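Every number in this text was worked out from the coordinates using simple rules, so none of it is lab data. The structure displayed is predicted, hence computed values, not measured ones. Cβ coordinates were reconstructed from backbone atoms using ideal geometry, including for glycine residues, and neighbour counts include every protein chain displayed.
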């Protein structure tokens, strides 16, 4: 989730000369994103959602398959509960020639490629800014 307040980062400034003051409203707003990153082709498949659940994840998998209609897709995932939803079993069996899910071990020191995208977004794009609306977050 990219929220209106989570991108507040440490920054440097001369003693007594604070560079920025970030005013907030105290209300939590955000944009929930799911994404895959194809490093070889520099391609991102993403979708915005209101919530994360197994139905949303299934719809996202369908979207990814449509983005690569003639290729086998191997997705490297963390151990989020929605990635193991029982409702995915039949779909994954049907798509086994086209889609493979690979899970990193719990607390893996190896980040997923998409984690680099999230880091860039939070550190370089929305760093030290407070957004008052979801529309502002989306625009940025």
Rg from C-alpha atoms of the range 50-111, normalised by the globular rule of thumb 2.2 N^0.38 Å, equals 1.13
Computed E for residue 140/residue 41 - FRET, C-beta separation, R0 30 angstrom, nearest 0.05:
0.75
At 0.36 nm per residue, and after removing the present C-alpha to C-alpha distance, how many nm does the segment from residue 48 to residue 80 gain when stretched out fully?
9.8 nm
Extended-chain gain in nm, criterion 0.36 nm per residue less alpha-carbon gap, residue 15 and residue 70
14.0 nm
Please compute the modelled spin-label separation between residue 92 and residue 59, points set 7 Å along Cα→Cβ, answer in nm with one decimal.
2.1 nm
